[in-house]
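The values are calculated or read from the model by the stated rules, or taken from the named source; none is laboratory data. As the structure is a computational prediction, the values presented were derived from the model and not from experiment. Methodologically, a virtual Cβ is constructed for each residue, glycine included, from the backbone with ideal geometry; neighbour enumeration extends over all protein chains shown. Quick note on the areas: whole protein, heavy atoms, side chains included, nothing else; ligands and nucleic acids left out. Shrake-Rupley method; radii C 1.70, N 1.55, O 1.52, S 1.80 Å.
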Amino acid sequence: MKRFLFITLSILALQFFSQAQTTRFEAESGTLTGGAIAVNNASCSGGQYVATQEGTITLPFTTDHTAYYDFYIFAASPNGDKEQNFVINGNSVSFSLEDNSNYIELKVSSFISLPAGNHTIEITPNWGWIDVDYIEMREVDASSRFNITQTLNAPNPTPQTSCLYNFLLDNYGEHILTGVMTLNSMDESDWLLTNTGKEPVVLGIDFMQSDRGYTWYNDHTPRNDAETWYNKNGIPVICWHWRDPSRNTEAFYTDETNFNANKIFEPNSPEYAAMIDDIDFIAEEFLYLQAQGVPVIWRPLHEASGGWFWWGAQGAAACKELWIVMYDRLVNHHGLNNIIWVWTYQGGESPDWYPGDEYVDIIGRDIYKDGDHSSQIMEFNNTNDVFNGTKMISISECGSFPTPTSLVDDGAAWSWYMPWYGDFTRSSTYNDLSLWIDMFNSDYALTLDEMPDWSTYCSSSTANQIIQLQQGWNLISSAIQPNDASITSIFSSVDYSIIKNDIGFHKKNYTSELQSLQTVEVGKGYLIYVNTATSISITGTNSTHTQTELQTGWNLIGVPVEIYNPSNLPQEMETVKDFDQFYEHNNNVSSLTELQEGKGYYINVTNPCSITW
């Protein structure tokens, strides 16, 4: 029975991938405007390509079923390095091509959810002047979209820090956390309270004025604001417009200071010592917060690859080394374990800029598209794709923020958003007051008044779960958020051969590079083969996981509640089963009467839907 079930599901998976559709759109078949022209070329796919010049290609198309798709462009850039915009149904993302007369395949967008119906692709000019042969749309399995890292990188995070990270995990894709950047303490959150009656969850704070000897400024204001906001059950996110460490200027912009970040490679240089002194000041502020039980989300060295700040002006290697030195200084030298680290990714940047998964907990994306209140789904999906779905992603800065309807409709799972202060918050040019009110009143958005009390939430959420494992195959799940969610930790005492789910696998004694499954997540089921019967004990925090998304076909799910009645499963469900029992709506011979915590189940659905626990 068990072996038959495994083989059946494997066949179903193979059937999905074999049936997944690839659709090609010849560029010359579209509507060409603004100077774009079709050019004959026998070596091209349809015998022609489109020279965009400064024009636009518009391609209407129809899908006959709801699915997720990746989009690829086959193009050349014979006129030098160019950047264009790829637009689907009004959502846009930019892509870059390096100087190249040969046609290359480039993925321009990932995991775009399209319902059955009519749609439109556009390629619009940014710099213009590329040649496009065709565009391909390839159907993909949405179950591989996320594999979020379940634990923080720094060792032994404080309970409050783990609790905050778990809170972010539990709400990822289920709610967006409202936010705003401030300049002078609570200026923008106070304005929002006055004008909407509500305050955001996330408060942006900056160390820009601290440790500069300004007589008009209290150096401890950022840390004090962070403590105040956390004690109001909010979430402080701190960035650092890091002024010239040498003190030769008060600047942080590249064109206003010649401070050289390459000096991070010269530990005996005065510039290196100046950077360490500044980092040590930050450490003292964070040590104070740690002593007060306050965790912080820390976003240093932001927008580095843009080059307009001194920490990015010397290129990727210097910036990456600076990040690693800062991480080591704060975490290992000063013993700070109340920090959640955010790397700000600039779309299309070289992988050389990224400090590495072991130094980054969350990805931020700064998006300034004035007046654009779309979900930015293409920005989200492309960023998610770059980091292999392993990191939560936030709109760490923005001009105009998305509407909650667009976020839900497009499945853009941004963790939080944060408009900059001043006009970006208050002016209708960027965000009309009615948009703030709509967002704050949306069920999808969390505001400060809807946050749990940290003092009780974190202490009461501590939990332990025992799961019995029989010799042979087991279907299991975790109902709590583990303190250490790594498979190597949870199953360290278990003699097992393989652990797998519908995303990947983990084999005993394989190196980590070969393992496609690294962590255990709440709401997901796992199939494990155990050589010797035993049990595992999972310690962590009670999960607030309330919804599990299901894709068409078979899904392997976990149960985050003690008991769940299968009659409450969505009507799209055809069958839910374990090794021995099954349940089907309106089937009197169904033998599965309840779904139980700690167990895993296979569920087959006819259309994408969700389980509300």
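Could you grab me the full set of residues in the stretch 341-365 that are touching a residue at least 60 places away in the same chain (Cβ under 8 Å) and either under 28 Å from residue 267 (Cβ atoms) or surrounded by fewer than 20 Cβ atoms within 10 Å (Cβ to Cβ) (or both)?
Passing the criteria: 341, 342, 347, 348, 357, 358, 359, 360, 361.
Just the residues that are modelled with pLDDT of 90 or more, among the aromatic types (Phe, Trp, Tyr) and either touching a helix residue (DSSP H, G or I) at 6+ places or on another chain (Cβ under 6 Å) or open to solvent by 10 Å² or more (accessible area, probe 1.4 Å) (or both), please, taken from the stretch 500-526.
Hit for the stretch 500-526 is 505, nothing else.
What tally of residues in the stretch 289-314 results from selecting those that are more than 17 Å from residue 240 (Cβ to Cβ) and over 25 Å from the mean Cα position of the chain (by Cα)?
5
Which residues, counting only those in the stretch 516-574, are among the aliphatic types (A, V, I, L, M) and closer than 29 Å to residue 140 by Cα?
Across the stretch 516-574, the qualifying residues are 517, 520, 522, 527, 528, 550, 556, 557, 559, 569, 573.
Hey, any hits in the stretch 384-398 for a residue that's open to solvent by 10 Å² or more (accessible area, probe 1.4 Å) and either within 23 Å of residue 121 (Cα to Cα) or among the aliphatic types (A, V, I, L, M) (or both)?
yes
Please verify whether the stretch 578-600 includes one or more residues that are surrounded by fewer than 20 Cβ atoms within 10 Å (Cβ to Cβ), among the aromatic types (Phe, Trp, Tyr), at pLDDT 90 or above and not in a loop (DSSP other than H, G, I, E, B).
yes
Condition check: of a type in the set (Gly, Ala, Ser), over 19 Å from residue 207 (Cα atoms), touching a residue at least 40 places away in the same chain (Cβ under 8 Å) and open to solvent by less than 30 Å² (accessible area, probe 1.4 Å). Does residue 304 satisfy that?
It is false that residue 304 is of a type in the set (Gly, Ala, Ser), over 19 Å from residue 207 (Cα atoms), touching a residue at least 40 places away in the same chain (Cβ under 8 Å) and open to solvent by less than 30 Å² (accessible area, probe 1.4 Å).
Give the residues of the stretch 369-406 that are under 14 Å from residue 431 (Cβ atoms), of a type in the set (Val, Ile, Thr) and not in a strand (DSSP E or B), sorted by residue number.
Passing the criteria: only 403.
Among the residues of the stretch 89-124, write down those that are touching a Leu at 6+ places or on another chain (Cβ under 8 Å) and open to solvent by less than 40 Å² (accessible area, probe 1.4 Å).
95, 97, 121
Can you pull out the residues in the stretch 407-425 that are assigned to a helix (DSSP H, G or I), open to solvent by 20 Å² or more (accessible area, probe 1.4 Å) and either touching a Ser or Thr at 6+ places or on another chain (Cβ under 7 Å) or not aromatic (Phe, Trp, Tyr) (or both)?
408, 409, 410, 423, listed by residue number.
Output the qualifying pairs, or none if there are none: Cβ atoms under 6 angstrom, residues six or more apart or on different chains, first residue in the stretch 31-53 and closer than 13 Å to residue 75 by Cβ, second residue at pLDDT below 95 and surrounded by 13 or more Cβ atoms within 10 Å (Cβ to Cβ).
52/128
Grab the helices (runs of 4 or more DSSP H) fully contained in the stretch 426-499, keeping just those with 3 or more residues being surrounded by 21 or more Cβ atoms within 10 Å (Cβ to Cβ).
Output list reads 433-441.
Cβ-Cβ distance below 6 Å, separation of 6 or more or different chains: which pairs start in the stretch 275-290 with a residue that is within 18 Å of residue 323 (Cβ to Cβ) and end on one that is assigned to a helix (DSSP H, G or I)?
Correct list of pairs: 279/326; 279/329; 283/330.
Identify all residues within the stretch 525-554 that are under 18 Å from the mean Cα position of the chain (by Cα) and assigned to a strand (DSSP E or B); write none if there are none.
Taking the stretch 525-554 as the starting set, the residues that turn out to be under 18 Å from the mean Cα position of the chain (by Cα) are 545, 547-549.
Passing the criteria: 547, 548, 549.
If you check residue 96 against the conditions, is it in contact with a helix residue (DSSP H, G or I) (Cβ under 7 Å, 6 or more places away or on another chain) and not acidic (Asp, Glu)?
No: the conditions fail for residue 96.
Do we find that residue 558 is open to solvent by less than 10 Å² (accessible area, probe 1.4 Å), closer than 30 Å to residue 114 by Cα and in contact with a Pro (Cβ under 9 Å, 6 or more places away or on another chain) in this structure?
So residue 558 does not fit the description; no.
Out of 70, 141, 131, which single residue is more than 27 Å from residue 387 (Cβ to Cβ) and either among the charged types (D, E, K, R) or within 27 Å of the chain's Cα centre (by Cα) (or both)?
Working: 70 fails: more than 27 Å from residue 387 (Cβ to Cβ); 141 fails: more than 27 Å from residue 387 (Cβ to Cβ).
Testing whether each residue is more than 27 Å from residue 387 (Cβ to Cβ) and either among the charged types (D, E, K, R) or within 27 Å of the chain's Cα centre (by Cα) (or both) leaves just 131.
For the stretch 268-305, which positions are touching a helix residue (DSSP H, G or I) at 6+ places or on another chain (Cβ under 9 Å), more than 17 Å from residue 222 (Cβ to Cβ) and among the acidic types (Asp, Glu)?
271, 303
Among the numbered criteria (1) open to solvent by less than 30 Å² (accessible area, probe 1.4 Å); (2) touching a residue at least 60 places away in the same chain (Cβ under 8 Å); (3) within 25 Å of residue 69 (Cα to Cα), which single criterion is violated by residue 573?
Checking residue 573 against (1) open to solvent by less than 30 Å² (accessible area, probe 1.4 Å); (2) touching a residue at least 60 places away in the same chain (Cβ under 8 Å); (3) within 25 Å of residue 69 (Cα to Cα), the one that fails is (2).
Restricting to the stretch 128-144, and then to whatever is in a loop (DSSP other than H, G, I, E, B) and under 22 Å from residue 94 (Cβ atoms), can you tell me which residue is most open to solvent (accessible area, probe 1.4 Å)?
Residue satisfying both the conditions and the ranking: 129.
Of all the residues that make up the stretch 55-79, how many are at pLDDT 95 or above and part of a loop (DSSP other than H, G, I, E, B)?
The qualifying residues number 2.
Look through 411, 422 and report the one residue that is modelled with pLDDT under 95 and at positive phi.
Answer to the check: 411.
Could you please let me know if residue 167 is on the phi > 0 side of the Ramachandran plot, open to solvent by less than 30 Å² (accessible area, probe 1.4 Å) and under 18 Å from the mean Cα position of the chain (by Cα)?
Judged against the criteria, residue 167 is not a match.
Hey, does the stretch 259-270 have a residue that's in a helix (DSSP H, G or I), closer than 20 Å to residue 333 by Cα and under 32 Å from the mean Cα position of the chain (by Cα)?
Yes - at least one qualifying residue is present in the stretch 259-270.
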